[in-house]
Amino acid sequence: MATFQTLPGFREFYPEDFSRRNHLFRLWRQTANTFGFAEYDAPVLEPLDLYKAKSGDEIEGQLFSFTDKGGREVALRPEMTPTVCRLVGAKASTLKRPIRWFSIAEFYRYERMQKGRGRCFFQFNADIFGEPGPEAETELIALLVQCLAAFGLTEQDFFVRLSDRNLWFYYLEALGLDEARIRGVLGAVDRFEKYGDDAFKGYTEQFGPLDGGVKAKVLAFLQIKSLAALEQTLGVIGGEKLAARLADWKKLLGNLAAMGLARFIEVDLGVVRGLAYYTGFVFEAFDRKGELRALAGGGRYDDLVQKLGGPALPAVGFAIGDMTFALLLEQRGLMPTLVQAPDVYCVIGGEAERLEAFGDIHALRAAGYRVDYPLKEVAFGKQFKAAAESGAKLALIYGGDELAKGVVKLRDLGARTEQEVPRAQVVPTVRDFFSV
Ligand code: HAM
């Protein structure tokens, strides 16, 4: 008989995996709440056009897309950004600014599978709409850092590389390139770390070889690792636009330093981000050892809401993926073994005692306690063993002798002490036990 397996790159979550996933989601959600972000979600299946030319060639080539029964071209969402722009754009006039939203959702990309990369994965997305200044980047980078630090990761484990597509544009413009060529060069810069000189192949095919002098300057610019070096290189260009931009940089880095986060941030012009819609600051989080692919990525995308039919609305955001992040937590021993222990384990004599126990079992569950008991009659000895192994703090013993006396025996499995409790007092006694 044929066995049916999951499609390549898709994942199944057995309960143990699911509890890990919940652990990530719980802390991300909690952290987003402390920053005042509100949660939203949207459809998994979207019109194909939402991604065409908006997300960029790379994502477009990775879409799971098909024609539905009504003849519509549709795609499984590869990312949240175009969707959230539509949501915000449609209600922009009624939403209180700044709009701070987050989501935890599943995405689909037909990618070549590698460590930390699958064809379906979860992302935590957080975005701020309506704030043009670096105050928005401050909040988002702080949130990104805290979403990783909340799990016990420190600056020794990860860092955020900060760059700026605006400055790249100013610089390449000053070197005499037009917009199409600038986009071509930025595509090469995005791939440079991975492919070296081969990253320029696409540019060469489209525009012919990049002038040697310009290329040397591009390669030097992408090595820039400090604000001072950036100011020095750009000093030759001058102008108001550039001065204002450098002031934004100082503000952002100053804000993050004041929050105590400077140790997580590195200026790195080698980051430009592959997605087509970014317009200003861009950033990516990586593990310090450089063993894993990006943990998170984001940036400013001031034109996208309008391009998708909404009003002009500045926006910044980022997404953390669950796969690389889980790998990092495991490598650092920070993924807890999540045992789901019951609070109470009931040890039950026989069928008659079971019927007596059921009333308490249900009442305790209704009161919010997790209660386990053997579904079938089992020897007492085995039940005590199961109670001890379950991790429960308390055992309730419904033996024939106890019930004849109108009591239930309550055993503290940690302290190894016992007491007899009148039947009617079981629920309040358990409540007292757990309230101390
Ligand atoms: P992205 O860089 O394409 O950005 O993805 C963000 C993160 O999602 C990556 O750093 C990675 O951790 C994870 N990720 C992406 N593709 C895969 C995959 N195939 N398998 C596993 N993990 C993956 C965006 O998606 C932007 N929309 C982020 C954003 C939000 N920008 C503004 N707001």
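The values are calculated or read from the model by the stated rules, or taken from the named source; none is laboratory data. What you are looking at is a predicted structure, and each value in this text was computed from that prediction instead of being measured. So basically every Cβ, Gly included, is an ideal-geometry build from the backbone, and we count neighbours across all protein chains shown. Accessible surface areas use protein heavy atoms only, side chains included; no ligands, DNA or RNA. Shrake-Rupley method; radii C 1.70, N 1.55, O 1.52, S 1.80 Å.
If you scan the range 96-115, which residues turn out to be surrounded by fewer than 20 Cβ atoms within 10 Å (Cβ to Cβ) and polar (S, T, N, Q)?
The answer is Gln114, and nothing else.
Are any residues in the range 313-342 in a loop (DSSP other than H, G, I, E, B) and surrounded by 19 or more Cβ atoms within 10 Å (Cβ to Cβ), and if so, which ones?
Leu313, Pro314
Does Glu139 satisfy the criteria of being open to solvent by 20 Å² or more (accessible area, probe 1.4 Å), outside any strand (DSSP E or B), modelled with pLDDT of 95 or more and within 15 Å of the ligand (Cβ to nearest atom)?
Taking the combined requirement at face value, the residue satisfies it.
Considering each residue of the range 45-60, count those that are over 13 Å from Arg273 (Cα atoms) and more than 12 Å from the ligand (Cβ to nearest atom), and give that number.
Of the residues in that region, 9 qualify.
Here is a yes/no grid of residues against (1) open to solvent by 60 Å² or more (accessible area, probe 1.4 Å); (2) touching a residue at least 12 places away in the same chain (Cβ under 8 Å):
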{"site": "Arg11", "(1), (2)": "yes, yes"}
{"site": "Arg21", "(1), (2)": "no, yes"}
{"site": "Pro47", "(1), (2)": "yes, yes"}
{"site": "Tyr51", "(1), (2)": "no, yes"}
{"site": "Thr94", "(1), (2)": "yes, no"}
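Residue-wise test of (1) farther than 26 Å from Arg86 by Cβ; (2) free of Cβ contacts under 8 Å to residues at least 24 places away in the same chain; (3) outside the structural domain of Gln306 (by TED's automatic domain parsing).
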{"site": "Asn125", "(1), (2), (3)": "no, no, no"}
{"site": "Ala136", "(1), (2), (3)": "no, no, no"}
{"site": "Phe169", "(1), (2), (3)": "yes, yes, no"}
{"site": "Leu172", "(1), (2), (3)": "yes, no, no"}
{"site": "Gly202", "(1), (2), (3)": "yes, yes, no"}
{"site": "Gly208", "(1), (2), (3)": "yes, yes, no"}
